[in-house]
Structure formats: structure tokens, C-alpha cells
Amino acid sequence: MYAEERQQAMAELVARRGRVSVNDLAHEFAVTTETVRRDLSLLESRRLLRRVHGGALPIDSFTVLEQLLSDRDAANTEEKRRIAVAAAALLPDAEATLVIDAGSTTALLPEALPRDRALTVFTHSVPVAARLAELPHVELHLLPGRVRRNTQAAVGVETVQALSRIRADLAFVGTNGITLAHGLSTPDQTEAATKSAIVGCAQRVVVMADSSKIGQERTIRFAALEDVDVLVTDDGLEPDRRTELESVGLEVVVA
């Protein structure tokens, strides 16, 4: 089967079945998972499907889809733990004030934080707050707002207003997608407003995103690449994409 035939068959299979995993596609078409990922990237660029963690979805289903936090927690866990450790290493040696965004990668940051200095932490994430509450060296502030069930994060006008009164040393933010053209993006408008406020309240902004998010675009942009300072990701980042990101002044740390 020629590549063009395989790609068309993949698009038709995804449209027919709904969500299909990379491993299933590799088995179905007797190719490597790397080949499948390249095919899916090409098909997404042609707007024939939408890539998600570990697979693909029909293009018309994505606008109403948002993965539950529990589903995202199960994806790329080891990579996310390495990202959390590398992100925590960016903290200053002295006391610091942090803002930690909601997300499956940022949720792993509390266990990686250094224990030898006092930290003041603001967060709108219920899971992050729960993990920080037991740490004696952390002064925890839980931001107000309506808690979304999908992300277990407080959002809304109250959340944004509270963030506007904060000046943090570092903000750690998650994202559903990151590209040169669209910046950092997420599917939900209220989540995007909160993430924008987090980006705007810190002297230094660290994006924590596994490599599957890079090259992806979601509906709502919440920051341009110029608005953030560091991207911490895993070693699945393709060299060409790293070069592109660094070309606009973004520091890239590979965990």
C-alpha cells in the first residue's frame, strides 16, 4: 500500500470508529508507531482528523471533546514526572512565590518541589492544592472560583481578579497545545482566561508540556510564545520543532 492510500484509509477508519489509538493503527496497517504518528500529523494538517494523546479523533468530534483529568493523568506519566523534576529545578535557591496552574503535568510538581526553603504557592487546582496542603514548608493559597468537573480547577471572574492582584516569582502553566502560529492554547474559554491571568502575574513563566502537545493547536489561545520564558518537555521533542521554538527566544529544557 502506498503512503497516500494508507493515510486515506487511516482517515476513513478514524471517521468510522471514532477514537483510534496509535498502536491499533500500527497493527491495522502493519507499520511502526513512528510512521503512524507522522501520518496522523499530516492528516491533521489537512484537517481530516484531530490528534489526541495516543491516537486520533474525527475532526468534527473534537470541538465537543475535552478529556477528563483522570484520563490525562494516565497518559505519558513517566515523561510528566521527569518534566516536573526538571521544572522544580528552575526555582531560585531562596524563598519564592509561585503560581501553579491546573493540569496533569503541573499536578506532579508538588512532589518535586524542594523541601529546603519556604515557598508561598497560589493555585486554582484542587488536586495541586491537596498535594501541597500536607507540606510544612509551603504557605498555600487556594484561588476562588467555580470548580470545573473535567479539570478540577477553579475558573471564572473571581479567579482572574484574584490573580490580577498577585505578583509571583514563577508561574508554572500547562497547555493543551503549543505552536509558533497559535501560541499556547486550550479548548475552553474560561480555562484560557485563567491561564492568561497566570501568565500575566509572574516575573518568569515556565510551560510544562509533554512532547505530544507540541505542534498541536486548540481552539482558544491564552498566550503567545513571546509571553513565556521556558518550555520544559520530554525527549520525544523532534529536533526541528525544538529549533523552531528556540528561534523565537523560548528557552527549551528537555527532561
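Each part reduced to its alpha carbon centroid, segment 179-243 and segment 1-64 end up 24 Å apart. In the chain, helices alone account for a calculated mean residue ellipticity at 222 nm of -10500 deg cm²/dmol, with every DSSP H run of four or more residues adding -39,500 (n - 2.57).
3J(HN,Hα) couplings calculated from phi for segment 16-24 with the Karplus curve 6.51 cos²θ - 1.76 cosθ + 1.60 (θ = phi - 60°) are, in sequence order, 7, 8, x, 5, 10, 7, 4, 5, 5 Hz; Gly and Pro show x. Here are some values of Cα extents along the principal axes in Å: (1) 53, 39, 35; (2) 92, 53, 42; (3) 60, 34, 31. Which one was computed from this structure? For Cα extents along the principal axes in Å, the calculated option is (3).
Measuring nothing but protein heavy atoms, the accessible surface of segment 82-188 at 1.4 Å probe radius is 51 percent carbon and sulfur. Which of ARG37, ARG204, ARG16 moves most in a GNM of the chain, Cα contacts under 10 Å? For the chain, modelled as a Gaussian network with Cα springs under 10 Å, the answer is ARG16. Quick note on segment 200-255: its Rg to Rh ratio, both from C-alpha atoms and Rh being the Kirkwood radius, is 0.94.
Using the Cβ-Cβ distance between GLN203 and ARG146 with R0 set to 30 Å, the FRET efficiency works out to roughly 0.60. Amide H to amide H distances under 5 Å link VAL252 with LEU231, where only residues 5 or more positions off or on other chains count and H is placed in the peptide plane.
When the Kirkwood radius is taken over all Cα pairs of segment 75-198, what Stokes-Einstein diffusion coefficient follows at 25 °C and 0.890 mPa s, in µm²/s? Translational D for this selection: 166 µm²/s. In order along segment 159-165, the Karplus-derived 3J(HN,Hα) couplings, from 6.51 cos²θ - 1.76 cosθ + 1.60 at θ = phi - 60°, round to 5, 5, 4, 4, 5, 5, 9 Hz, and Gly and Pro are given as x. Sparsely packed loop sites in segment 110-157 (the GluC sites (Glu not before Pro) outside DSSP H, G, I, E and B with at most 14 other Cβ atoms within 10 Å) comprise GLU134. Placing a label point 7 Å from the Cα of THR219 along the Cα-to-Cβ direction, the residues of segment 125-154 whose backbone N falls under 17 Å from that point are 148-151.
A 1.4 Å probe run over the protein chains yields, for the chain, 47 Å² of accessible area per residue, whole-number rounding.
Provide, as a two-decimal number, the C-alpha radius of gyration of segment 140-255 over 2.2 N^0.38 Å, N being how many residues it has. Don't skip to the end; give the middle numbers.
Working: Rg = 14.0 Å, N = 116, 2.2 N^0.38 = 13.4 Å.
After normalising by residue count via 2.2 N^0.38 Å, the value is 1.05.
For segment 36-48, putting each phi into the Karplus relation 6.51 cos²θ - 1.76 cosθ + 1.60 with θ = phi - 60° gives couplings of 4, 4, 5, 4, 5, 4, 5, 5, 5, 4, 8, 6, 9 Hz, in residue order, rounded to whole numbers and with x for Gly and Pro.
The values are calculated or read from the model by the stated rules, or taken from the named source; none is laboratory data. No experiment lies behind these values; they were computed from the predicted model shown. Positions of Cβ are backbone-derived with ideal geometry, glycine not excepted, and every protein chain shown enters the neighbour counts. What goes into the accessible areas is simple: the full protein's heavy atoms, side chains included, and nothing from ligands, DNA or RNA. Shrake-Rupley method; radii C 1.70, N 1.55, O 1.52, S 1.80 Å.
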